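Since the structure comes first, as structure tokens, the remarks are kept for the end.
The values are calculated or read from the model by the stated rules, or taken from the named source; none is laboratory data. Keep in mind that this is a model prediction, so the values were computed, not measured. Note that each Cβ is placed from the backbone with ideal geometry, even for glycine, and that neighbours are counted across all protein chains shown.
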Amino acid sequence: MDLTTAEPLLRDRLARTEERIAAACAAAGRPRTAVTLIAVTKTISAELTALLPQLGVADLAENRPQVLWQKHPQIPNVRWHFIGHLQRNKIERTIPLTALLHSADSPRLLASLNDFGREHNIKVPVLIEFNCSGEAAKSGLPIDDWQTIAEQLATLANLAPRGLMTMAAYGATEAITRKTFAHLRELSLKIQEKTGLTLPELSMGMSEDFESAIAEGSTMIRLGSVLFDGLGTP
Ligand SMILES: *Cc1c(COP(=O)(O)O)cnc(C)c1O
């Protein structure tokens, strides 16, 4: 699909999605500004991705380092989020391009990110990814590891932990999905209590379940297919 055909469709998708986000916020008694829409651009070309800031979307996400490296110089003036598994040997090239890493998913990765922060004299902003759904295939730390992670975070001075991230199980019922999201919220409170950290962000909710996530306190929803299905592959 060429850009002139795709642009009005994309504009319309964004408007309809925005209405759903606003309605979900209103239903939850939360201000619209409490929830950031992050467009997950992994299925669309750099050309289509480049339309997003003009259409008012300033937070974009990729899940593969190479694609982020490629798109980043082409699309300035946005915040890039990284939401996929990050191998430690890709930290050096990826973190400088990333406003927020959502997927810190192992003690080893956290330690390496902290090393990177120390070498560059910065605090690396991260979300800790937990597997709250219990699905074997899902990425993220097991919930039972939370105390160990909390203790580790307290020792890593060059990280800026901002919150937690999770994914609901694929195809789960709405009731189960809401439980998963509620679980992440409760986990965040426990970690904050134990560490004294302030963790304002909950990155949860995708195309299939963002309304449930907003009801459970999500501050960042990561939307791909609801915005881009049918608009073309890279
Ligand atoms: C692809 C992806 C999304 C977006 O998923 P949709 O169901 O297409 O909205 C969100 N989060 C992560 C981690 C992803 O990999």
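I'd like the residue in the stretch 167-185 that is of a type in the set (Ser, Thr, Tyr) and farther than 16 Å from Ser218 by Cα and, out of all such residues, is surrounded by the fewest Cβ atoms within 10 Å (Cβ to Cβ).
Thr173
Among the candidates Ile83, Ile44, Ile95, single out the residue that is touching a residue at least 40 places away in the same chain (Cβ under 8 Å) and in contact with a Phe, Trp or Tyr (Cβ under 7 Å, 6 or more places away or on another chain).
Ile44 is the lone residue from the list that is touching a residue at least 40 places away in the same chain (Cβ under 8 Å) and in contact with a Phe, Trp or Tyr (Cβ under 7 Å, 6 or more places away or on another chain).
Based on what the data block shows, is Ala150 among the aliphatic types (A, V, I, L, M), crowded, with 18+ Cβ neighbours inside 10 Å and within 14 Å of the ligand (Cβ to nearest atom)?
No: the conditions fail for Ala150.
Could you run through the stretch 188-213 and say how many residues are within 14 Å of the ligand (Cβ to nearest atom) and among the hydrophobic types (A, V, I, L, M, F, W, C)?
Within the stretch 188-213, residues that are within 14 Å of the ligand (Cβ to nearest atom) and among the hydrophobic types (A, V, I, L, M, F, W, C) number 5.
Which one of these is at pLDDT below 95 and either more than 14 Å from the ligand (Cβ to nearest atom) or within 16 Å of Leu223 (Cα to Cα) (or both): Asn89, Asn77?
After applying the criteria, what remains is Asn77.
Go through the residues of the stretch 129-142 one by one and say whether even a single one is within 16 Å of the ligand (Cβ to nearest atom), basic (Lys, Arg) and crowded, with 16+ Cβ neighbours inside 10 Å.
Start the filter on the stretch 129-142 by keeping residues that are within 16 Å of the ligand (Cβ to nearest atom), which leaves 129-133, 135, 137-141.
From the residues that got through so far, the ones that are basic (Lys, Arg) too are 138.
Right, trim to crowded, with 16+ Cβ neighbours inside 10 Å and you get 138.
There is at least one residue in the stretch 129-142 that is within 16 Å of the ligand (Cβ to nearest atom), basic (Lys, Arg) and crowded, with 16+ Cβ neighbours inside 10 Å.
Among (1) more than 14 Å from the ligand (Cβ to nearest atom); (2) within 24 Å of Arg32 (Cα to Cα); (3) surrounded by fewer than 16 Cβ atoms within 10 Å (Cβ to Cβ); (4) among the hydroxyl-bearing types (Ser, Thr, Tyr), where does Ser225 come up short?
(1)
Within the stretch 193-205, track down each residue that is surrounded by fewer than 19 Cβ atoms within 10 Å (Cβ to Cβ) and among the aliphatic types (A, V, I, L, M).
Taking the stretch 193-205 first, the residues surrounded by fewer than 19 Cβ atoms within 10 Å (Cβ to Cβ) are 193-200.
Leu197, Leu199 - these are the residues of the stretch 193-205 that are surrounded by fewer than 19 Cβ atoms within 10 Å (Cβ to Cβ) and among the aliphatic types (A, V, I, L, M).
Can you tell me which residues in the stretch 28-49 are touching a strand residue (DSSP E or B) at 6+ places or on another chain (Cβ under 7 Å) and in a helix (DSSP H, G or I)?
Let us first name the residues in the stretch 28-49 that are touching a strand residue (DSSP E or B) at 6+ places or on another chain (Cβ under 7 Å), namely 35-42, 49.
Within the stretch 28-49, just Thr49 meets the criteria.
Within the stretch 12-27, does at least one residue satisfy the condition of being modelled with pLDDT of 95 or more, outside any helix (DSSP H, G or I) and surrounded by fewer than 20 Cβ atoms within 10 Å (Cβ to Cβ)?
First, the residues of the stretch 12-27 that are modelled with pLDDT of 95 or more: 12-27.
Filter once more, keeping what is outside any helix (DSSP H, G or I): none.
No; the residues of the stretch 12-27 include none that is modelled with pLDDT of 95 or more, outside any helix (DSSP H, G or I) and surrounded by fewer than 20 Cβ atoms within 10 Å (Cβ to Cβ).
Going by what's in this entry, would Ser188 be described as crowded, with 21+ Cβ neighbours inside 10 Å, modelled with pLDDT of 95 or more, out of contact with any Cys (no Cβ under 7 Å at 6 or more places or on another chain) and over 29 Å from Arg11 (Cβ atoms)?
Working: crowded, with 21+ Cβ neighbours inside 10 Å: yes; modelled with pLDDT of 95 or more: yes; out of contact with any Cys (no Cβ under 7 Å at 6 or more places or on another chain): yes; over 29 Å from Arg11 (Cβ atoms): yes.
When the stated conditions are applied, Ser188 passes them.
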